[in-house]
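Here's the structure we're looking at; comments come further down.
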Amino acid sequence: MSHPYADQPPKAFWRRSIAERHPLDVAAWYDPKFPLGEARIMTAGSCFAQHIGRSLKAAGFAWLDREPAPDGLPAARHQEYGYSLYSARYGNIYTARQLLQLAQRALGRFTPQEQAWERDGGLVDSFRPTLEPEPFGTQAELDALRQGHLEAVAALLHEADVLVFTLGLTEAWLSVADGAVFPLCPGTAGGTFDPARHRFHNFTTAEVRADLEAFLALARAVNPGLRLLLTVSPVPLAATATADQVAVASSFSKAVLRAVAGEICAADPRVDYFPSYEIVTAPFMRGVFYEPDARAVSPHGVAHVMKTFFAAHPPPTPVDGTPAPAPDALSEAERIKCDEELLATFGPEPS
């Protein structure tokens, strides 16, 4: 008897692609819509996106960095000052609305009213409150740094061939006055929370999709060829402002983001989705890619995700013809420890 499932490949069936395989041998996670090759790549998003940017750079891809660290700052201190994490010093961009508003600000379409918060006798950027360890001494200093930052973002939007964006959260804190979205709740890393000026919002699937589509329309108005590669962060919420238990709230948030990513990917041939979320959180992985707190993704989890990514997007070949190796995210000591943990959980990996 003929039916639609008869012609489906093995990856379409749980038993053949998962139940009969070692968990680390599960394959066919991802078929890219477009190659990365020599594309100029911009990265942004929630904290998990930092791993992607570092790995792309180490593998020899054309990863863009328009706010590089000054020569005198040791590499070990880059992260402390917001350098070398993303393609500019915007810090974590947790929501689609944040991404849209950043593009609007960089292209002169939106100027939020509440742009600075007081902290420890100085000022911090309300949209990058943890950018540097110490607050700025003057408004002029903060304004100058912000202006340079927005110019860097505008340059990225004009020149990037691909934006790799990691969706992280649906929960956000907004300005009542103009709807500006802050990365953190006012009062936590600067400023003072005022219920008359700040409100909580949990974005819906319709809102997240509308924000991503608005961002693409705006970005492609200045850069018609821009492609978007979406991922969803596998890192659960650290806290929720809803009435739900935090695991329940996290499940809602990730479900919304994953659904929107799938919808936009299906609707736009220049939008792709890489399943880092599924690779880490799949039930047959038994949580082995998380740290003991069951929230942070472990180094071997990141390494497995990027191994899968680079299998689909091979690192570019240098001029001398020798392929650049995919970056090894683990030290030898970490690798030995991780191999022991994986062996204890899954048994021997297939040869």
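List of remarks:
- Hey, residue 8 under 22 Å from the mean Cα position of the chain (by Cα), open to solvent by 50 Å² or more (accessible area, probe 1.4 Å) and at pLDDT 90 or above or not: no
Conditions tested, residue by residue: (1) assigned to a helix (DSSP H, G or I); (2) of a type in the set (D, E, K, R); (3) more than 20 Å from residue 95 (Cβ to Cβ).
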residue	(1), (2), (3)
241	no, no, no
248	yes, no, no
263	yes, yes, no
284	yes, no, yes
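- Selection within region 189-216: residues that are in a loop (DSSP other than H, G, I, E, B) and of a type in the set (Val, Ile, Thr). The member of this set that is nearest to residue 160 (Cα to Cα) is 204.
- Members of region 33-46 found to be part of a loop (DSSP other than H, G, I, E, B) and open to solvent by 50 Å² or more (accessible area, probe 1.4 Å), listed by number: 33, 35, 38
- Evaluated against (1) open to solvent by 50 Å² or more (accessible area, probe 1.4 Å); (2) closer than 19 Å to residue 98 by Cβ, residue 195 falls short on exactly one condition, (2).
- The listed residue being outside any loop (DSSP other than H, G, I, E, B) and in contact with a strand residue (DSSP E or B) (Cβ under 9 Å, 6 or more places away or on another chain), out of 104, 50: 50
- Picking from residues in region 53-64 that are open to solvent by less than 30 Å² (accessible area, probe 1.4 Å) and assigned to a loop (DSSP other than H, G, I, E, B), the one that is modelled with the highest pLDDT is 64.
- Looking only at region 141-170, and only at residues there that are among the aliphatic types (A, V, I, L, M) and assigned to a loop (DSSP other than H, G, I, E, B), the one that is least open to solvent (accessible area, probe 1.4 Å): 160
- Scanning region 255-299 for residues that are among the aliphatic types (A, V, I, L, M) and in contact with a Gly (Cβ under 9 Å, 6 or more places away or on another chain) yields 257, 279, 280, 285, 288, 294.
- Test: residue 120 is on the phi > 0 side of the Ramachandran plot and either at pLDDT below 95 or over 24 Å from the mean Cα position of the chain (by Cα) (or both): yes
- Of 90, 83, all but one fail to be surrounded by 14 or more Cβ atoms within 10 Å (Cβ to Cβ) and without any contact (Cβ under 8 Å) to a residue 40 or more places away in the chain; the exception is 83.
- Residues of region 221-251 that turn out to be open to solvent by less than 40 Å² (accessible area, probe 1.4 Å) and not hydroxyl-bearing (Ser, Thr, Tyr), as a count: 11
- Top-ranked residue in region 18-32 [being part of a loop (DSSP other than H, G, I, E, B) and in contact with a helix residue (DSSP H, G or I) (Cβ under 8 Å, 6 or more places away or on another chain); ranked as surrounded by the fewest Cβ atoms within 10 Å (Cβ to Cβ)]: 31
- Unique match (being touching a helix residue (DSSP H, G or I) at 6+ places or on another chain (Cβ under 8 Å), among the polar types (S, T, N, Q) and open to solvent by 20 Å² or more (accessible area, probe 1.4 Å)) among 95, 130, 111, 138: 111
The values are calculated or read from the model by the stated rules, or taken from the named source; none is laboratory data. Since the structure is predicted, the reported quantities are computational estimates derived from the model, not experimental observations. All Cβ positions, even for glycine, are placed from backbone atoms using ideal geometry, and neighbour counts span all protein chains on display. Heads up: the accessible areas ignore ligands, DNA and RNA and are worked out on the full protein's heavy atoms, side chains in. Shrake-Rupley method; radii C 1.70, N 1.55, O 1.52, S 1.80 Å.
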